[in-house]
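First up is the structure itself, then whatever we jot down about it.
The values are calculated or read from the model by the stated rules, or taken from the named source; none is laboratory data. Quantities reported herein were computed from a predicted structural model and do not represent experimental measurements. For neighbour counting, all protein chains shown are included, and Cβ atoms are generated from backbone atoms with ideal geometry for every residue, glycine included. What goes into the accessible areas is simple: the full protein's heavy atoms, side chains included, and nothing from ligands, DNA or RNA. Shrake-Rupley method; radii C 1.70, N 1.55, O 1.52, S 1.80 Å.
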Amino acid sequence: MATRSILAGCGAYLPDRVIDNNELAKLVDTSDDWIKQRTGIEKRHVVADGELTSDLAVKAADRALVRANIPASDIDLIIVATTTPDRTFPATATKVQADLGITSGAAFDIQAVCAGFVYALSVADNLLRAGQSRRALVIGAETFTRLLDWTDRGTCVLFGDGAGAIILDSYEIEPAATQFGVLSTHLHSDGRYRDILYVDGGPSMNSKTGHVRMSGKEVFRHAVSKLGSVINEALVANNLTSDDIDWLVPHQANKRIIESMAKKLNMPMDKVICSIDRHANTSAASVPLALTEGVSDGRIVDGDLVLFEAIGGGLAWGAGLVRMGYPK
Ligand code: UT7
């Protein structure tokens, strides 16, 4: 017998307010055409005044718990991947824990920017496999628009807000059926590139929240090569080929990057969950938001093999392979 982390359910939440490209063209020198052509983005959800990252996270978590049919009281690990915590401390995960009425187990945040969800998935999977936790709530939640400089057209058109959550349930599995749940995760970072995508503020630097700064072209180039290589690493580690993958659920930063990964995998775009047109880049929330969309509309079903990938500031990047649902 071996312990595996089964993805028992997922859920998502998007704030009500939607801003389309034409509205942004009134703020900065841009156009719907440019944004659509260069990124695939048409609109994005944006939080209301007073709406916090933890508010989005709790709503996504509630929906994931319902779908998994697991009571909140069973959760003994909460990891929130976020770059936009409610406060510098304590961890947003502790607010989520309290709002869900959970009073035991561990709750903490992970900061790996757009790769945060894949990082959180990996940490949770390893804690479950080691037997330290039994049932984990893994959330990617962002109010990323609060970090934007609304005069910088190079960044302000790219991002949105939202949250996605999954439940991981540790499950004793026969060795013959170990190809269920989280098969593997693969994490990388290279701090030499920390200055091509960063926020120009922070508690130890200048006590300001700061704004996103990005050398878009450079990040794009690294994204294509590093995501391509980590996808390959995940396939090789599991002795799989791209033909075995049912769905690619990629980080939603740029449609051209997503298309390039699909091409590398020789996968048609109808096997890729793409929500960038409506959500833009929601950083750590983008992968679980897209996953939830694919599950909710019936495209992704139990037994499907799903490949996650993401890259962001750091640079930090990673991939994960998950066979959906419990073994039959
Ligand atoms: O989630 C973290 C990971 N992030 C990413 O993966 C983002 C990666 N980068 C990208 O997606 C793309 O590089 C961008 C979408 C950010 C930019 O697209 P690009 O094709 O690389 O454009 P560029 O930065 O080379 O800019 C081309 C032109 C420039 O004008 P000139 O110098 O050629 O006259 C820009 O000033 O487009 C201009 N431009 C814009 N024009 C209209 C830049 N932003 C805008 C804009 N509207 N919003």
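For beta carbons closer than 8 Å, sequence separation of 6+ or different chains, a first residue in region 152-166 that is of a type in the set (Ser, Thr, Tyr) and a second that is buried (at least 20 other Cβ atoms within 10 Å of the Cβ), the qualifying pairs are THR155/VAL212. If you scan region 188-202, which residues turn out to be closer than 13 Å to THR83 by Cα and open to solvent by 80 Å² or more (accessible area, probe 1.4 Å)? Residue satisfying the conditions is TYR198 alone.
Counting only residues that are under 17 Å from THR143 (Cβ atoms), among the aliphatic types (A, V, I, L, M) and touching a residue at least 60 places away in the same chain (Cβ under 8 Å), region 78-109 holds 2 of them. Apart from one condition, SER170 fits all of (1) more than 16 Å from the ligand (Cβ to nearest atom); (2) within 19 Å of the chain's Cα centre (by Cα); the exception is (2). Restricting region 63-81 to residues that are of a type in the set (Gly, Ala, Ser) and part of a helix (DSSP H, G or I), the residue that is nearest to the chain's Cα centre (by Cα) is ALA64. Checked against (1) free of Cβ contacts under 8 Å to residues at least 24 places away in the same chain; (2) touching a helix residue (DSSP H, G or I) at 6+ places or on another chain (Cβ under 8 Å), ASP149 meets all criteria but (1).
Using the structure shown, decide if ARG299 is among the basic types (Lys, Arg), within 18 Å of CYS10 (Cα to Cα) and away from the ligand (no atom under 11 Å from the Cβ). So ARG299 passes the test. Set side by side, the residues ALA223, ALA284 differ, and just one is more than 25 Å from LEU7 (Cα to Cα) and at pLDDT 95 or above, which is ALA223.
Residue-wise test of (1) crowded, with 16+ Cβ neighbours inside 10 Å; (2) within 16 Å of the ligand (Cβ to nearest atom); (3) assigned to a helix (DSSP H, G or I).
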| position | (1), (2), (3) |
| --- | --- |
| ALA48 | no, no, no |
| ALA61 | yes, no, yes |
| THR83 | yes, yes, no |
| THR94 | yes, no, yes |
| ILE102 | yes, no, no |
| ALA107 | yes, no, no |
| ASP125 | yes, no, yes |
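Here is a yes/no grid of residues against (1) closer than 30 Å to SER204 by Cβ; (2) among the aliphatic types (A, V, I, L, M):
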position: ASN22; (1), (2): no, no
position: ASP32; (1), (2): no, no
position: ALA57; (1), (2): yes, yes
position: PRO71; (1), (2): no, no
position: PRO85; (1), (2): yes, no
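Within region 228-237, is there a residue that is part of a loop (DSSP other than H, G, I, E, B) and either surrounded by fewer than 16 Cβ atoms within 10 Å (Cβ to Cβ) or assigned by TED's automatic domain parsing to the domain that holds ALA12 (or both)?
Kept after step one, since they are part of a loop (DSSP other than H, G, I, E, B), are these residues of region 228-237: none.
Within region 228-237 (the criterion being part of a loop (DSSP other than H, G, I, E, B) and either surrounded by fewer than 16 Cβ atoms within 10 Å (Cβ to Cβ) or assigned by TED's automatic domain parsing to the domain that holds ALA12 (or both)), the answer is no, since none of the residues qualifies.
If you go through region 203-258 and pick out every residue that is more than 20 Å from the chain's Cα centre (by Cα), closer than 30 Å to GLN179 by Cα and basic (Lys, Arg), you end up with 0.
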